[in-house]
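Enquirer: Here's a structure for you.
The values are calculated or read from the model by the stated rules, or taken from the named source; none is laboratory data. These numbers come from a predicted model, not from an experiment. Neighbour counts run over all protein chains shown; Cβ positions are idealised from the backbone, glycine included.
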Amino acid sequence: MMKTVIGMGILGTLLAVTPARAQDSTVTVDFTAGWTFSDGVHGDSYLIPGVGTFDRVDPKDSFKWGLGAGVLLGQHGEVGFLFGQQLSKLQIGGSQTIDVGDLTVNTYHGYYAYNFGDSATKVRPYLMGGIGATNFGSVDYTGPLGNRGSTDSSTRFSTVWGGGVKFFATPRVAARVGVQWTPTYISTDSAGWWCDPYWGCYVVGNAKYANQFDFNGGVTFHF
């Protein structure tokens, strides 16, 4: 399934270029690896007898790798597809912090990037943003009484924002360093009522997001 999604994303990226621009465009392939600081969500307090009280769930800070494919549109623009995988653990926190089990977090995003400078520049900063989805994989766990179970996999809407610098050793190969922020929508809690003399009264919500903050490095190939 993962290979199919990645392949479709890369194919979609290549087909997104119009025929008039295809001959002038350059295909890029990126490989990255780094460290992710993860932030989950708060919830209602839950008591586990003999263990503690818990009110939040988080992926654990951990290693992440990624790959991407893109198409350069002229000197500066770039469109593409990014896949990332964080090899983490699910944690519950409150009166203490407990690792529940292994958790894999996969991210899938289409993106647009702007590369500063011209194509002959050795050092090129960039900014990027994109939309897509984050999948939190199922987690196998052992309960406090020795009972075994697993959580359900869940996929949520997410965006990605980032920037960094590419250092070109040759026109075709560049080292890169960057940062990325991936906020993932989890749920919306009711925050109360808001009343307006024109629109009337309605319930307003408080959206909850999980966040990934990535620091990464890697290599970019131009074809």
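Enquirer: Scan region 64-113 for residues that are small (Gly, Ala, Ser) and over 18 Å from the mean Cα position of the chain (by Cα) and jot them down.
Expert: The answer is 74, 77, 93, 94, 95, 101.
Enquirer: For the subset of region 59-87 comprising residues that are free of Cβ contacts under 8 Å to residues at least 60 places away in the same chain and within 30 Å of residue 100 (Cβ to Cβ), which member is surrounded by the most Cβ atoms within 10 Å (Cβ to Cβ)?
Expert: Here the residue is 60.
Enquirer: Take residue 50 and tell me if it is modelled with pLDDT of 50 or more, over 22 Å from residue 220 (Cβ atoms) and surrounded by 14 or more Cβ atoms within 10 Å (Cβ to Cβ).
Expert: no
Enquirer: Continuing with the same structure: What number of residues in region 88-104 are in contact (Cβ under 8 Å) with a residue 40 or more places away in the chain and surrounded by fewer than 15 Cβ atoms within 10 Å (Cβ to Cβ)?
Expert: 2
Enquirer: A further question follows. Looking only at region 95-113, count every residue that is over 17 Å from residue 134 (Cα atoms) and of a type in the set (Phe, Trp, Tyr) and tell me the total.
Expert: Within region 95-113, residues that are over 17 Å from residue 134 (Cα atoms) and of a type in the set (Phe, Trp, Tyr) number 1.
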